[in-house]
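One structure below.
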Amino acid sequence: MIDLHTHSNFSDGTESPTTLLNKAMAHGIKTLALTDHDTVAGWDEAVAHLRPGLQLVLGSEISCQTHDGISVHMLGLLFDRANPELMEMMANTRENRFTRMSKIIEKLNAAQYEITLDDVLAELSEGATLGRPHLADALVTKGYMKSRDQVFAEILHNDSPFYVSHYSPTPIEAIAKIKAAGGVAVMAHPMSSLRSRVVSPDIFAEYVAAGLDGIEVFHRDHSATNRDLLLAIASELDLVVTGSSDYHGNGKLNQLGENVTEPAEFEKLELRANERRVVTATKK
Ligand code: AMP
Ligand code: ZN
Ligand code: FE
Ligand code: FE
């Protein structure tokens, strides 16, 4: 099985890269991508703990925003982490996530939630990308809510009055930088039902012109209708079709391998990177 989108505690997943790899092997996954939000900080630990039987696709899920303010997630896979422009773009996003968190906290304080930035940072592993899930965890710790899910459903969803966005590149900028770093760009959950607004289907041709390689079709947030529409778009634009769990440990219901990528599609995708960068235990 090939699972091309997962998170560790280097962003808002709840398990270390080592635990994630072990669980993936136990689930019968043979190819796993580690794609923490806006960072490559978990890569070294994952490579160091890789064992024979599993191959690793290193990547990141890059937060983007269109000019119309629609949030888009772009998976960058198999890129060269020595590329300064791509790394700088991610560092900018991570920094802005702090300012943005303070703004959300101010709004919550005004609504009588007693919560501080330190409370939120206490939920964050060292070196991890900060996100709303950590704020959700802090609200759970403080006893305001029962779970991340409840917090998102009630106060932290994208349409909530507490919502604040953060600086992010446009999808076209992100695609260009991923490609310039030799990687492949796959648009994550393009029609996720959890997002307040999603891009219109006519946008894909523009993204393909910018270098987009694939779209994540098989994802729990996509209905059967979404999947059919995305499959038609992929076939028309010659895009690679991927599927993934978007696993977050126990931070979300998503289970490893619940959606997967076909081997032939992964092969096409890998060939679109400028070098063979899939990591195996013997090669490290
Ligand atoms: P942020 O990147 O800070 O805007 O936060 C978005 C993250 O929150 C995404 O990576 C989602 O995985 C996570 N998220 C969204 N909805 C939920 C939910 N209902 N339960 C847990 N995590 C969620
Ligand atoms: Zn996440
Ligand atoms: Fe995402
Ligand atoms: Fe994700």
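Annotations
- Percent RCO, i.e. relative contact order, over the chain, from Cα pairs under 8 Å lying at least 6 residues apart: 26
- Net charge dipole size for segment 59-170 [Lys, Arg +1 and Asp, Glu -1 on Cβ; Debye, nearest 20]: 160
- Principal-axis analysis of the Cα atoms of the chain puts helix 84-110 at an angle of about 30° to the longest axis.
- The helix-based estimate of mean residue ellipticity at 222 nm for the chain, built from -39,500 (n - 2.57) per DSSP H run of four or more residues and divided by its residue count, is -10500 deg cm²/dmol to the nearest 500.
- Å² per residue, accessible surface of segment 126-284 at 1.4 Å: 45
- Paramagnetic label zone (point 7 Å from Cα along Cα-to-C-beta, S223; backbone N under 11 Å) in segment 175-212: 193
- Taking every DSSP beta bridge that has both ends in the chain, the antiparallel portion is near 40%.
- Applying the Karplus relation 6.51 cos²θ - 1.76 cosθ + 1.60 with θ = phi - 60° to segment 31-41 yields 3J(HN,Hα) values of 9, 10, 9, 9, 10, 5, 4, 6, 7, 10, 4 Hz, where x marks Gly and Pro.
- DSSP beta bridges in segment 1-82 [antiparallel fraction, %, rounded to 5]: 45
- Total charge dipole magnitude, segment 184-284, about the Cα centre, Cβ charges on Lys, Arg, Asp, Glu only, Debye to nearest 20: 480
- A straight line joining the Cα centroids of segment 137-179 and segment 181-216 runs 19 Å.
- Under 29 Å between alpha carbons - lysine pairs in the chain that sit 8 or more apart or on different chains: 28
- Farthest positive-ward along the chain dipole, Cα basis, beta-carbon charges - from H37, H134, T282: T282
- Projecting the Cα atoms of T99, G13, L58 onto the charge dipole of segment 1-152, computed from C-beta unit charges around the Cα centre, puts G13 farthest toward the positive end.
- The charge dipole of the chain, taken about the Cα centre with unit charges on the Cβ atoms of Lys, Arg (+1) and Asp, Glu (-1), comes to about 400 debye, rounded to the nearest 20.
- Apportionment of accessible area to carbon and sulfur, segment 94-156, percent (1.4 Å): 46
- Lys/Arg +1, Asp/Glu -1 at C-beta; the chain dipole; positive extreme among S160, M1, N83: M1
- Ordered from largest to smallest accessible area (heavy atoms of protein chains, 1.4 Å probe), the residues T280, T31 come out as T280, T31.
The values are calculated or read from the model by the stated rules, or taken from the named source; none is laboratory data. None of these values were measured; they are calculated from a predicted model. No Cβ is skipped: glycine too gets one built from the backbone with ideal geometry, and neighbour counts run over all protein chains shown. For accessibility, only protein heavy atoms count, side chains too; no ligands or nucleic acids. Shrake-Rupley method; radii C 1.70, N 1.55, O 1.52, S 1.80 Å.
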